[in-house]
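The values are calculated or read from the model by the stated rules, or taken from the named source; none is laboratory data. As the structure is a prediction and not an experimental result, all values here were calculated from the model. Here the Cβ positions follow ideal geometry from the backbone for every residue, glycine too, while neighbour counts run over all protein chains shown.
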């Protein structure tokens, strides 16, 4: 008995999930974002979140097409953020600022320990970049890792590569 594998249907991803990585600063994040765009990802898929800083504000605006929202987030302090990840983390009760990154990352498929890592890295000045996952989530992950996106992961990804 032989098994036939259809490789054209191997990708199965929930479009509501995110591929996330944290870059050490705005300069590294800009390089990673540029590479992600060159790989064909569109601006509407991007989210950027980092401690409030003029370089980050410029990066958010260049990446997302508009100024970021300034939010005083528990544990981290004032951040600048924009994109679909922010809306997902805020949730219906708009409690992101009060709960913080660690407590809300579960809303996009990450375990609590992943949320604590992201919260710590952003608190130390890292720039969190997220891509709204699509069938190319693994490609986005590879690019992030190649360009210095630390702790890059796909939230609760059930797809296959």
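Listed here are the residues, each with its yes/no results for (1) surrounded by fewer than 18 Cβ atoms within 10 Å (Cβ to Cβ); (2) under 14 Å from the mean Cα position of the chain (by Cα).
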position	(1), (2)
78	yes, no
85	no, yes
122	no, yes
127	no, yes
138	yes, yes
143	no, yes
Practice task
Tell me which of these residue 50 doesn't satisfy, since it passes every other one: (1) under 14 Å from the mean Cα position of the chain (by Cα); (2) over 13 Å from residue 21 (Cα atoms); (3) at pLDDT 90 or above; (4) surrounded by 18 or more Cβ atoms within 10 Å (Cβ to Cβ).
Solution key: (2)
Exercise for the section: Report, ordered by the first and then the second residue, all pairs with beta carbons closer than 6 Å, sequence separation of six or more or different chains, a first member in region 52-76 that is in contact (Cβ under 8 Å) with a residue 40 or more places away in the chain and on the phi > 0 side of the Ramachandran plot, and a second member that is part of a helix (DSSP H, G or I) and surrounded by 15 or more Cβ atoms within 10 Å (Cβ to Cβ). Expected result: 75/100; 75/119
Practice task
Might you check whether a residue that is assigned to a helix (DSSP H, G or I), more than 21 Å from residue 36 (Cα to Cα) and modelled with pLDDT of 95 or more occurs anywhere in region 54-73?
Solution key: yes
Exercise for the section: Please state which one of 40, 100, 21 is on the phi > 0 side of the Ramachandran plot and under 16 Å from the mean Cα position of the chain (by Cα). Expected result: 100
Handout entry: Count - residues of region 98-137 that are in a helix (DSSP H, G or I), free of Cβ contacts under 8 Å to residues at least 40 places away in the same chain and farther than 22 Å from residue 26 by Cα
Key = 8
